[in-house]
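Let me begin by presenting the structure, written as structure tokens, before commenting on it.
Just so it is clear, none of the values below were taken in a lab; they were calculated from the coordinates. Computed from a predicted structure; not experimentally measured. Cβ sites come from the backbone with ideal geometry, for glycine too, and all protein chains shown count toward neighbours.
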Amino acid sequence: MYEQDTIGGQVYRLIKAQVTSCACRPGQRLNPGQLAADADASETTVYNALRRLAAEGLVAGSRTEGFHAPPADEAHLRASYRWACALAILAVRNAAPLIGPEPEVTHFPTADGPGLVHRTEAFFERLASLPEIDECEVAMAHANDRLRAVRCLEGHLFEDGEEELAGLVDMASDPERLIPLLIRHRDRRLLAVADLARLRARGPAPGPGQGQVI
């Protein structure tokens, strides 16, 4: 990952914010020259960032073919939702054992925190940290990146998003009850994938109460 205080890091984060939000339509061509002008950076720096994002699956294409915002077709969305859920269940089932007599202190997002999309990402990232395996946390961060734009649209279809997340948080310390809720959370979205893909293709504003995460 690029260092945050370098020009390369700033450009990487700027482009990543655009392609993982509703700012870009799926498949939209990314103009390196325009991106360089917007970021006040060289095109070489922009190309380096685009190549890194392509390697992470957040940008499609190459320098010779041209770069585009990632797709949001039904197959892509289904795979992303399934992967995020699979990672969460894997993490819950392999949570690191407690050492010593003190109970584990968990810090899951609460309803009085930032927007719903941000808190949903924070919840899944917290689950991914339970096994204390870096690769699991990195994989979940990438899954969140891929789902961010469509999660901003879920409010158009699910009016109970806050209650749903609160239910997951309430069961966070009870794996036997949490895992079925994670599966239900995934399956609701799999059933709505066609509608979510259509919403994403149209590029509407984020759903009620969702907010973009930039």
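Compared with the rule-of-thumb size 2.2 N^0.38 Å for a compact globular protein, segment 74-202 has a Cα radius of gyration ratio of 1.05. Taken about its Cα centre, segment 7-68 carries a charge dipole of roughly 160 debye when the Cβ of each Lys and Arg holds +1 and the Cβ of each Asp and Glu holds -1.
If r is the Cβ-Cβ distance from Leu181 to Val138 and R0 is 25 Å, what FRET efficiency results, to the nearest 0.05? Before the final figure, lay out the partial values.
Numbers: r = 24 Å, r/R0 = 0.97.
So the FRET efficiency works out to roughly 0.55.
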